[in-house]
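Visitor: Before we start, here is the structure in question, set down as structure tokens.
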Amino acid sequence: MTTPTARRIARVQRETSESSIDLSVDLDGTGTSDIETGVPFYDHLLTAFAKHSLTDLTVRATGDVHIDVHHTVEDVGIVLGQAIRESLGDKRGISRYGDALVPLDDALTQAVVDISGRPYLVHTGEPEGFEFHLIGGHFTGSMVRHVFEAIAYNAALTVHVNVLAGRDPHHIAESEFKAFARAFRQAKAFDPQVSGVPSTKGAL
């Protein structure tokens, strides 16, 4: 059995001509968050991720949102993925896999996470036209997939997100983030029956 000896925390800063990001995570937190990205609906989604994954998350981001929210949203996803990967460390004693099915009124999403060390995303089921909808008047539905791509590839996670039902774009996006959060919560959790790294290869 692996006994955790230190909190799994990370802070990542990233500066480009398009955005400036300072982000910190604590995987062993309680779900508290303090998030300012300049994109209100994204703040809402990240707050839901923190709450339901029991990950403490602080984000300070500025970017060229006067042009489009795309750069800031994607770049925060990149940095969040990098922070998750760093904070996971050698992954000793974790459950590794997580699976969640989350409803939000009309919407229903299933997410499966494998802390595999192999970045891969399968993202299906969003209704036709969702990608063009401006949620809250500023957040394009297509950005949901971009965020999951950024997190999965930079955290080295295998992620499957499947929207099973949904009519309201706000509900669909939020159910996706909550389902991902719940699955990640299971995957990152320590399993008292796991000894060492949960892989036949001995590394993840």
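Visitor: Out of segment 86-99, which residues are surrounded by 20 or more Cβ atoms within 10 Å (Cβ to Cβ) and of a type in the set (G, A, S)?
Guide: S87, G93, G98
Visitor: In addition: Can you tell me which condition A152 does not meet? The list is (1) in a helix (DSSP H, G or I); (2) closer than 19 Å to D105 by Cα; (3) under 16 Å from the mean Cα position of the chain (by Cα), and all the others hold.
Guide: (2)
Visitor: Mind checking which pairs have a first residue in segment 114-135 that is of a type in the set (D, E, K, R) and a second that is modelled with pLDDT of 95 or more and part of a loop (DSSP other than H, G, I, E, B), Cβ under 9 Å, 6 or more apart or different chains?
Guide: D114/R96; D114/L157; R118/A156; R118/L157; E126/G141; E126/G166; E131/G141
Visitor: Can you tell me which residues in segment 1-43 are of a type in the set (A, V, I, L, M, F, W, C), farther than 17 Å from I151 by Cβ and assigned to a loop (DSSP other than H, G, I, E, B)?
Guide: Correct list: M1, A6.
Visitor: Residue pairs, Cβ under 9 Å, 6 or more apart or interchain, first in segment 165-176 and without any contact (Cβ under 8 Å) to a residue 60 or more places away in the chain and part of a loop (DSSP other than H, G, I, E, B), second surrounded by fewer than 24 Cβ atoms within 10 Å (Cβ to Cβ) and basic (K, R). List them.
Guide: none
Visitor: Ok, one more. Please give the strands (runs of 3 or more DSSP E) falling wholly within segment 44-139 in which 3 or more residues are under 14 Å from F184 (Cα atoms).
Guide: 97-104, 107-114
Visitor: It is to be established whether one or more residues within segment 173-194 are modelled with pLDDT under 95 and loosely packed, with under 14 Cβ neighbours inside 10 Å.
Guide: Within segment 173-194, one or more residues are modelled with pLDDT under 95 and loosely packed, with under 14 Cβ neighbours inside 10 Å.
The values are calculated or read from the model by the stated rules, or taken from the named source; none is laboratory data. From a predicted model like this one, the values you see are computed outputs, not experimental measurements. For neighbour counting, all protein chains shown are included, and Cβ atoms are generated from backbone atoms with ideal geometry for every residue, glycine included.
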